[in-house]
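To start, the structure itself, in C-alpha cells.
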Amino acid sequence: MTLNTGSDIVSYSVKYLYSVTLREIWSLIKQLLSLNKEEKISVFFFLIQLDYLVLALILKIITKFLNKNLVIVYLMHEPKFEKGRINPLKAYIVFLYHLVFGYIGDKILLPSNEAYLKAKDFVNNDKLSKLNLSFISLPENILQNNLAQLKYSWDNEKTFLLLGRADRDKNPQGFLSLASIINKDYPKQARFIRGGSERNIQVNYDEKVIIRFPGFISNSAKSFLLGLSHFVVIPYSFSTQSGVVTEALSYGKLLIINDIPTFSYLKGLSFVFFTDFNDKSSMSKCIHDVFNMDRNDYETRYWEAIRYFQENHSEAYLSKTLQEIL
C-alpha cells in the first residue's frame, strides 16, 4: 500500500495482507477516512481470494460516498481459460472474479501480451497496462561464482532442469523426450534434473536418467537447483506467462523453450533456444546447436540473459514501470 501526495510519493509504506480480518478492514477504513484531498492510497491485489474481492468492494463503496482518493490495482494473471483446460465451473468462477475486479479496479495489470489481449474483451482498455513478472536481482558475486562453477563443468557435463509444478499444459513428457534424444546423440555428456511435483497427471520418470526432487520446492531449494543447471527447459504446450522463465533468467540460465505464441517475445535472443517438442528433428537440431557452444560462447549468453532480466524483470524495472503506470 502506498501513500501519495499529488504526483510525488512523499511517504511509502508496504503492508502485506495474506488474509483479511475485520481488524484489517477497519484499519484500512480509518486510513481512508484520514486522507487529505491531495493524498491517495493504492491497494494492490495479486491473488484470487474471495476475501480480497470483498475488501475491494467495501473500500470502493466507502470511497464513492466519502469522495476519497483510492486506487485499486489488480494483477490479472490469466483473464480467461480456454475450453477444456480446467473444470468449466472453476473457469467460470475465475472469469466472474476477474470481471468484477475489472469493473471496480482502477488499474488492471497483465503479465503478458496474450493475457492483455484476452482482458481487452471484457475490461475497459483505458484501465489495462502490461507489467512483466519481476523478481529480485541476485548479487553479482553470486552470479560470478555460479558462472565459474558452470564453466568448469561445461565440457564434461551439461545440466538440464525442468522446474516447478507440472500439469498437462506444462508437458513434462517433452522434457523426457529431450533427455532421451540427448542421451542417444551425446551419451554421458548431460545430466537431467526434475524439481517439483505433478498435478492431475502421471509421469514415468526413469530414475537412472532423471535426478528427481519431488514435492514442494522451497526458495532455497529452487536457488540450489538453478545454481546447478546450465539450461532450464520449458516444454509447455500452453501458457500465458511463466514465472519459471523470469526467475531462470535472473540466474543467467539459458532456455530451451517450446515454440508457442506466448514466448514469441523471446525470439532472436541469443540465450533462448526454440524447438518443437512434438518434432524429433526439431529437437535434434536444437540439441546440436546447444552442444556446439564452447565455454566462451556460453559465458557471453549467460551475461546476456542476466542483462535482459535486469532491463525487463528486475526490481529496478518494476519500480520505474509502476511509477509510469500509476
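The values are calculated or read from the model by the stated rules, or taken from the named source; none is laboratory data. Just so it is clear, the structure is predicted and the values come from calculations on it, not from any experiment. Cβ coordinates were reconstructed from backbone atoms using ideal geometry, including for glycine residues, and neighbour counts include every protein chain displayed. Side chains are part of the model used for accessible areas, which takes the heavy atoms of the whole protein and leaves out ligands, DNA and RNA. Shrake-Rupley method; radii C 1.70, N 1.55, O 1.52, S 1.80 Å.
Below is a table of values for the structure above.
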item: Residue match in segment 207-220 (condition: in contact (Cβ under 8 Å) with a residue 24 or more places away in the chain and not aliphatic (A, V, I, L, M)); result: no
item: The lone exception for Val209 - which of (1) modelled with pLDDT of 95 or more; (2) aliphatic (A, V, I, L, M); (3) open to solvent by 40 Å² or more (accessible area, probe 1.4 Å) it fails; result: (1)
item: Residue list for segment 207-265, filter: of a type outside the set (S, T, N, Q) and assigned to a strand (DSSP E or B); result: Ile210, Ile211, Arg212, Phe213, Phe231, Val232, Val233, Ile234, Leu254, Leu255, Ile256, Ile257
item: Selected residue (only one of Asp294, Asp259, Asp279, Asp289 is touching a strand residue (DSSP E or B) at 6+ places or on another chain (Cβ under 9 Å), closer than 25 Å to Glu157 by Cα and either of a type in the set (Asp, Glu) or open to solvent by 60 Å² or more (accessible area, probe 1.4 Å) (or both)); result: Asp289
item: Sole residue being open to solvent by 70 Å² or more (accessible area, probe 1.4 Å), in contact (Cβ under 8 Å) with a residue 24 or more places away in the chain and not in a strand (DSSP E or B), chosen from Gln202, Gln173; result: Gln173
item: Residue within segment 266-281 that is part of a helix (DSSP H, G or I), more than 23 Å from Ser134 (Cβ to Cβ) and touching a helix residue (DSSP H, G or I) at 6+ places or on another chain (Cβ under 6 Å) present; result: no
item: In segment 38-71, the residues that are under 23 Å from the mean Cα position of the chain (by Cα), surrounded by 15 or more Cβ atoms within 10 Å (Cβ to Cβ) and part of a loop (DSSP other than H, G, I, E, B); result: Ile48, Gln49
